[in-house]
Amino acid sequence: MPESPADPSPPTRLASRLRHWFAGLPSDLRQALRQLTKTPGTTLVVVLSLALGIGASTTVLCWIENLLLRPLPGVEREEDLVILTTSAAGRMWDTLSLPDLRDVAAEKKVFSGVCGSQQTPACLATGRSTEWIYGQIVTAGFFDVLGVKPLLGRTFQPAEDEKPGGHPVIVISERLWRKTFSADPAIIGRVITLNRHAFTVVGVTPAGFYGDITGLRCEFWAPTMMHHEVAYAGIAPELVLKRYARWHHTYARLQPGVTLAQARAALNVLSTRLELTYPETNRDIRLHAWPLWNSTYGAQSIFRPVLGLLLGVSLGVVLIVAANVANLQLARATARVKEIAVRLAVGASRARLIRLVLTESLLLATAGGVLGILLAEWLVGLFRFFLPRTHLPVNLVQTIDGRVLAATVILTVLTGLLFGLVPALQASRPELNLALKDGGRTATGGAGHHRIRGLLVVGEVALALVLLVGTALCQQGLRRSQQIDPGLEPRGVLVAGLRVGMNGYTRESAPEFFRLVQQRVAVMPGVASVALANWFPLGFEDTGTANIELPDHPRRPGEQWNFRLAVVSPAYFATFRIPLLAGRDFTDRDDLKSPAVAVVNESMARQLWPDQDAVGRTFKCNGRDTRVIGVAKSGKYRALNDPPESFLYLPYRQEPSYLDLGLCVRVADGDPAALSGPLREEIHHLDPGVELWATLRMADYVDAALLPQKIASSLLTLLGAIALLLAAMGVYAVMAYAVSQRTQEFGVRLALGASPGSILAMVLRQGLALAAAGLAAGLGLAAATSRLLAGFLYGVSPYDALTFCTVPALLAVVALLACWLPARRATRVDPMVTLRTE
């Protein structure tokens, strides 16, 4: 007797099953296409719903990729870069000093390179024309650390970053090279004029690279040692070498195999060593490392909280869409129950039927995904509609790259499986006898089938409620934030930049020029008041700081008296309508010949002299004895949700190193922007060589403070409306299906004397029971998640009672309407037709 062949091994059996599975896919695809084209209207609704959900998620994923995960176009291996910051007494600072930066770079076992930069506007002269452009002063290894190879020429050499003012060389962007220099191939070695200083072009960066500040387009780069000529002409050139001059935004590239945790540990050790070695400048100063996505400056710091919120919301919309489509697929499976029963009766396996139904679901998901990607290509540009007017050259590059496409493909497949698996399982186990007898009205799943559809609707309503609660809270937060008192009145004020250092003005001559500007502008028609300041609050940019010491009050360990400051002219407080609570304003007599004076805000007065009158008190400011002459009302300086912060004002005539001041003009009435032209002409009368730059309404300037809230509120409103529509569609679809399944029952009830009103009430009760369960689940989920919105809410509790009452009421009304339409149809059933059919 011959031996029977051995059973195939498990791997062989698996391979055989996989071959058999994939061999049937072409046939399944053809059948799925035929099935979907039988009901083109339903198929179109499903595809469009999927496209909305997947398109929204792809858009948010694209924003996350370009703004957080890959925020620096043109930079190599961004995953190996970290951002370095400093902190003192619990306050975080975005920058390092050049000596500290070089000490970090010496840690060769941890960092393969460290670079620093500082952005600045500068005036480029080409022929008889001039233009303001943004650029950066950078350390010599800037391009090497970032992995940026020049398109033409070279980058900076170490020797060019050793002596202040010693090497006037410059690298320009590919965009500037093409736009301003007509892509001149002989640009290398050409001398150009920047801030009235001659610079030799040594290189051109590749297209797409605009520096290391995410969202900012820089057009040139100069060595740090040219700081005096490029950025602040009034500051001594040697100041950049001081350890306390912390100006540089700093990146470090990790050595291969070094983790972020190891880098942080090394920085802790280095911080302690620097504190012991340089106690005067590094006392309590700690160094920190952060991943790129968690940057404390640039676009990441603005958009990171918004993008996390939007990703969660967009995925919630995808879940609602999946629940809706699953309901439709369950209805389709019911309509096909006889076909499925016949297939099973003639020998088709359950796995074969599951594969067929899943193929239809994945085909729908694929169509929705493709359309969603096309929709996302348009949606990714939405950010630019939310950006406030600003003098900064914003450059938010948004491209759907391979990583985003891969994530979208995964999301599409998961969505297809999510809404296809339950209908596939349900369809593959009908009651054969019932199905073959009468078409199987009740053959597929029975009560379990209806429970699944009900649960899907409950989930839809719950998710929609969560999204709508979040939308309502953000809308309230935005309204409240617009009512927050920023401590000044921005409406009716025009601001503009005056950078006179590049026009040849010095520490000695600039104060007189500024005095004449203020004097002449003050008498212009329509001008109520005018002032000058080195910085304006609530914009994208930060201000400088000053070290404070009190006599007979030595600092305690961990106590850091390093306060933000603004250098201002007389009438600054009047122009911005910042109330002076005590003392007086600055005058032209507060100059270098008179004792140093300052105005402090009330928070600083309370911190330094609690329960005492601050006016007349003295302190050391950057080593100089300074007397307080006034106390101003505290305001908001960087963001509207900032806690009260100590702030210091110094008179510009006692700070002659500040040659680049901004002009702020309050008009008596009307639009302050109308003053731009006359203001420019008035400046030209004083000096034809001085150009205003970045003329802007102050109200537009401070809009930057509301940018995250506006984006969150607007996009949440859009996604919330979509969720509300989808939830209504889900309730309607389930109730319409239930009515169609119970048509004969309703006919019999009507024939036996039931009133249309009782039928209407019966259907409404069924639908509203599902809606009520969804609302209850949604309220619990919303209460658990709404605290995540705390960063977007000003003066609004995450558990606001009004929101938690009105939003469920609104959703209940929508659900009632969605139930009423099928219920009304049930009351119009003709009993005679129903009985004749029965």
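The values are calculated or read from the model by the stated rules, or taken from the named source; none is laboratory data. Only a predicted model underlies this, so the values are computations on that prediction, with no experimental measurement involved. No Cβ is skipped: glycine too gets one built from the backbone with ideal geometry, and neighbour counts run over all protein chains shown. Surface accessibility is based on the protein's heavy atoms, side chains included, excluding ligands, DNA and RNA. Shrake-Rupley method; radii C 1.70, N 1.55, O 1.52, S 1.80 Å.
Can you list the trypsin sites (Lys or Arg not before Pro) in the stretch 573-647 that are in a DSSP coil and have 15 or fewer other beta carbons within 10 angstrom?
When the trypsin sites (Lys or Arg not before Pro) of the stretch 573-647 are filtered for loop state and at most 15 Cβ neighbours within 10 Å, R584, R589, K593 remain.
Using alpha carbon centroids, what distance separates the stretch 49-72 and the stretch 753-827, in Å?
After rounding, the separation between the Cα centres reads 30 Å.
Could you pull out the trypsin sites (Lys or Arg not before Pro) across the stretch 110-219 that fall in loop regions by DSSP (anything but H, G, I, E, B) with no more than 10 other Cβ atoms inside 10 Å?
R128
Suppose a student asked you for the relative contact order of the chain, using Cα pairs under 8 Å spaced at least 6 residues apart; what percent would you report?
That works out to 16 percent.
Please report the carbon-and-sulfur percent of the accessible area for the chain; probe 1.4 Å, protein heavy atoms only, DNA, RNA and ligands left out.
Carbon with sulfur: 60 percent of the solvent-accessible area.
Can you tell me the convex hull volume per residue for the stretch 572-650, based on C-alpha atoms, in Å³ to the nearest whole number?
Given the Cα convex hull of the stretch 572-650, per-residue volume reads 102 Å³.
Taking the alpha-carbon centroid of each part, what is the distance from the stretch 192-211 to the stretch 262-277 in angstrom?
About 36 Å separates the Cα centre of the stretch 192-211 from the one of the stretch 262-277.
How would you rank 454-462, 237-245, 652-660, highest first, on the average number of other Cβ atoms within 10 Å across their residues?
Ranking the peptides 454-462, 237-245, 652-660 by packing returns 454-462, 652-660, 237-245.
Take the alpha-carbon centre of the stretch 591-639, take the same for the stretch 93-145, and report the distance between them in whole Å.
So the separation of the two Cα centres works out to 33 Å.
I need the peptides 754-767, 50-63 ranked by packing, meaning the mean over residues of other C-beta atoms within 10 angstrom, with the highest value on top.
50-63, 754-767
Take the alpha carbon gyration tensor of the stretch 609-665, find the square roots of its eigenvalues, order them as a ≥ b ≥ c, and report rounded if a/c is under 1.5; if not, report prolate when a/b exceeds b/c, else oblate.
Since a/c reaches 1.5 but b/c is at least a/b, the shape of the stretch 609-665 is classed as oblate.
As an exercise, identify the trypsin sites (Lys or Arg not before Pro) in the stretch 472-521 lying in DSSP coil whose Cβ has no more than 14 other Cβ atoms within 10 Å.
Taking the stretch 472-521 and a limit of 14 other Cβ atoms within 10 Å, the loop trypsin sites (Lys or Arg not before Pro) found are R491.
Binning at 10 Å from 0, report for the stretch 749-801 what percent of all alpha-carbon pair distances ends up in each bin.
Bins of 10 Å from zero give 20, 27, 20, 16, 11, 6, 0 percent of pairs.
To the nearest 10 square angstrom, how much accessible area does H685 have with a 1.4 angstrom probe?
The value for H685 is about 130 Å².
Does the stretch 196-247 come out rounded, prolate or oblate, given a ≥ b ≥ c as the square roots of the eigenvalues of its C-alpha gyration tensor, rounded meaning a/c under 1.5 and, failing that, prolate meaning a/b above b/c?
Oblate is the answer for the stretch 196-247, as a/c is 1.5 or above yet b/c matches or exceeds a/b.
Which value, in Å² and to the nearest 10, is the accessible area of D401 when all protein chains are kept and the probe is 1.4 Å?
50 Å²
Calculate how steeply helix 707-741 sits against the longest principal axis of the alpha-carbon atoms of the chain, using the helix alpha-carbon long axis, and give the answer as 0 to 90 degrees to the nearest 10.
That works out to roughly 0 degrees.
Taking the solvent-accessible surface of protein heavy atoms with a 1.4 Å probe, what is the per residue accessible area of the chain in Å²?
43 Å²
What translational D, rounded to a whole number of µm²/s, comes out for the stretch 285-329 from Stokes-Einstein when the hydrodynamic radius is the Kirkwood one over Cα pairs, at 37 °C and 0.692 mPa s?
Translational diffusion coefficient: 249 µm²/s.
Run lengths n ≥ 4 of DSSP H only: what is the helix-derived mean residue ellipticity at 222 nm for the chain, with -39500 (n - 2.57) per run over all residues, to the nearest 500?
Helix contribution divided over all residues of the chain: -15500 deg cm²/dmol.
DSSP beta bridges in the chain, what fraction antiparallel, as a percent rounded to 5?
Restricted to the chain, the bridges split so that about 80 percent are antiparallel.
In the chain, with Lys and Arg counted as +1 and Asp and Glu as -1 at Cβ, which of these residues, T390, I137, V191, has the Cα nearest the positive end of the dipole, that is, farthest along it?
Checked the options; the winner is T390.
Going from most exposed to least, what order do S97, S182, S594 have by accessible area with a 1.4 Å probe?
Ranking S97, S182, S594 by accessible area, largest first, yields S182, S594, S97.
Determine, for the chain, the count of lysine pairs separated by eight or more sequence positions (or lying on different chains) whose alpha-carbon distance falls under 19 Å.
Taking the Cα cut-off of 19 Å, the pair count is 5.
Summing +1 for each Lys or Arg and -1 for each Asp or Glu, what net charge is found among the other residues whose Cβ lies under 15 Å from the Cβ of G662?
Net of charged neighbours comes to -2.
As a test of reading the structure, rank F619, F386, F540 by solvent-accessible area (1.4 Å probe, protein chains only), most first.
These residues rank, largest area first, as F540, F386, F619.
Place a +1 charge on the Cβ of each Lys and Arg in the chain and a -1 charge on the Cβ of each Asp and Glu, then give the dipole magnitude about the Cα centre in debye, rounded to the nearest 20.
Its charge dipole is roughly 3020 debye.
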